[in-house]
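> Next up is a structure, given as structure tokens.
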Amino acid sequence: MRLNTNESPFPPPEGWVEALVEELHGIEFHRYPDRAAWGLRKALADLHGVVPEAVFCANGSNEVLQTLCLAYGGAGRVALTFEPTYALHSHIAHLTGTAVVEEQRRDDFTLDPAVVAAALARNQPAITFLFSPNNPTGRADDRSLVEQVLAEAPGVVVVDEAYGQFADWSAIDLVSDDRGLVVTRTYSKTWAMAAVRLGYLIGPPGVVEVLERVALPYHLDAVKQAAGRLAVRFTDEMERRVAIIVAERGRLLDGLQRLGMTTWPSQANFVLWRPSEKPAAVVWRGLLDHSVLVRDCSSWPRLDGCLRVTVGTPSENDRFLLALAQVVA
Ligand code: PMP
């Protein structure tokens, strides 16, 4: 049972698979796909109440982040992150020759406004990365904090909302033509389409235009474009899955606390926790012996002794809690 990579535990709706198969018959496979991915961008624009020119799509939100770093980072420029956080942002920034400055979150993984203000003033970042909710901590940054960063950051501000639909607020309504804010989203989690590799951002059309210039021609194939466009028709079903996962997250947190684990509040589809009696590596191995795979974060900076579990289906979560009770007994 894989509860280690924050995928959706549910497959996408059957109706979506049928619609995609039907759509395949109409694809002109001997032609290049729509270079601007207009149908897909239009569907996402309607979903979010923005214009299609405000939507940029790529092969997973990782490629969205890479395109941002290629366009706005590079030699002599700084990308700012607040640790602990998703390691790939620093990695991608490094790959594009962007210097990375890692500032620190508080011990409870929230951001200190004074630390944020000093970091922005000192580093003058070309790109500032925020996460709402953050991976692997699960915490979402406050809206006031994002507004502070928007007011003080000299460059582009990226709010990574890979887990945005599980949270109680989104920065998408803060996007406007006169601010350098972009919000990234993915089809890999809530849309149950990790295998498709599709992500996007909502941002000012001026920024999207720059990103389009950096992306390789025809980087989004025709099947992927259709898959993403059709998925949006099943928004109600996606939201039902999100509601189940949010309810299950509460049950997982209760179960972990009842077993004496230290937990942090989560607004994502995973929970970070720290076993108290036994070392994390022993608990991780014990769970694996029960065929339950979670993520061992204990060697990551600032995450001593921590493990992360993805919220599964109700029966997977029962099996996880049962296995954990036996491992820590
Ligand atoms: N951002 C965060 C915070 C993530 O946790 C992940 C995936 N684990 C991604 C982006 C990348 O997602 P995608 O599958 O869209 O590339």
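The values are calculated or read from the model by the stated rules, or taken from the named source; none is laboratory data. Every value quoted in this text rests on a predicted model; they were computed, and no experiment measured them. Neighbour counts run over all protein chains shown; Cβ positions are idealised from the backbone, glycine included. The protein model used for the area step is the full one, side chains on, heavy atoms only, and it has no ligands, DNA or RNA in it. Shrake-Rupley method; radii C 1.70, N 1.55, O 1.52, S 1.80 Å.
> Between Leu293 and Tyr218, what's the calculated FRET efficiency when r is the beta-carbon distance and R0 is 30 Å? Round to 0.05.
E(calc), rounded to 0.05, equals 0.25.
> Please build a GNM for the chain, connecting alpha carbons under 10 Å apart, and tell me which residue among Val210, Val246, Val182 fluctuates the most.
Val210
> Rg and Dmax of segment 140-181, Cα atoms, in Å?
10.2, 29
> A further question follows. Out of Ala121, Ala43, Ala167, any idea which swings most in a Gaussian network model of the chain, alpha carbons joined below 10 Å?
Maximum fluctuation in the GNM of the chain, among the listed residues, is at Ala121.
> Using the Karplus curve 6.51 cos²θ - 1.76 cosθ + 1.60 with θ = phi - 60°, what ³J(HN,Hα) values do you get for each residue of segment 188-202, in whole Hz, with x for Gly and Pro?
6, 10, 5, 7, 6, 10, 4, 5, 7, 6, 8, x, 7, 9, 10
> Then there's this: Please say if segment 49-116 is rounded, prolate or oblate, where rounded means a/c under 1.5 for a ≥ b ≥ c the square roots of the C-alpha gyration tensor eigenvalues, and otherwise the choice is prolate for a/b larger than b/c and oblate otherwise?
Verdict is oblate for segment 49-116.
> Further question on the same structure: Taking amide H positions as placed in the peptide plane 1.01 Å from N, state which residues far from Asn134 in sequence (5 or more) or on other chains have amide H under 5 Å from it.
Arg139, Ala140, Asp141
> Using the Kirkwood radius built from alpha carbon pairs, what does the Stokes-Einstein equation give as D for the chain at 4 °C and 1.567 mPa s, in µm² per second?
63
> First compute the accessible area of segment 236-328 with a 1.4 Å probe, then give the percent of it belonging to carbon and sulfur atoms.
53
> Taking segment 242-296 on its own, what percent of its Cα-Cα pair distances exceed 16 Å?
46
> Once you've got the GNM for the chain with C-alpha springs shorter than 10 Å, pick whichever of Thr128, Thr184, Thr235 has the biggest mean-square fluctuation.
Fluctuation is largest for Thr235.
> What's the longest uninterrupted piece of the chain once you rule out the trypsin sites (Lys or Arg not before Pro) that are loop residues per DSSP with at most 13 other Cβ within 10 Å?
107-329
> Report the percentage of all Cα-Cα pairs in segment 115-230 whose separation exceeds 25 Å, rounded to a whole percent.
When all Cα pairs of segment 115-230 are counted, 28 percent exceed 25 Å.
> As an exercise, identify the chymotrypsin sites (Phe, Trp or Tyr not before Pro) in segment 186-289 lying in DSSP coil whose Cβ has no more than 13 other Cβ atoms within 10 Å.
Passing both the DSSP loop test and the Cβ count: Tyr218.
> Show me the helices of the chain, taken as full DSSP H stretches, that run 24 Å or more along their long axis by Cα and average -1.0 or above in Kyte-Doolittle hydropathy.
Length and hydropathy pass: 235-258.
> If the viscosity is 1.002 mPa s and the temperature 20 °C, what Stokes-Einstein diffusion coefficient in µm²/s follows for segment 236-328 when Rh is the Kirkwood radius over Cα pairs?
160
> Give me a comma-separated list of calculated 3J(HN,Hα) values for segment 264-272, in order, Karplus coefficients 6.51, -1.76, 1.60 applied at θ = phi - 60°, integers in Hz, x for any Gly or Pro.
Each residue of segment 264-272 in turn: 10, x, 10, 10, 10, 9, 8, 9, 8 Hz.
> If we count every other residue with Cβ under 14 angstrom of Thr110's Cβ, Lys/Arg +1 and Asp/Glu -1, where does the sum land?
The answer is -2.
> Taking amide H atoms as placed 1.01 Å from N in the peptide plane, list the residues 5 or more away in sequence, or in a different chain, whose amide H sits under 5 Å from that of Phe270.
Val311
> What longest region of the chain stays clear of GluC sites (Glu not before Pro) that DSSP places outside H, G, I, E and B and that have at most 16 other Cβ atoms within 10 Å?
That gives 29-276 as the longest site-free run.
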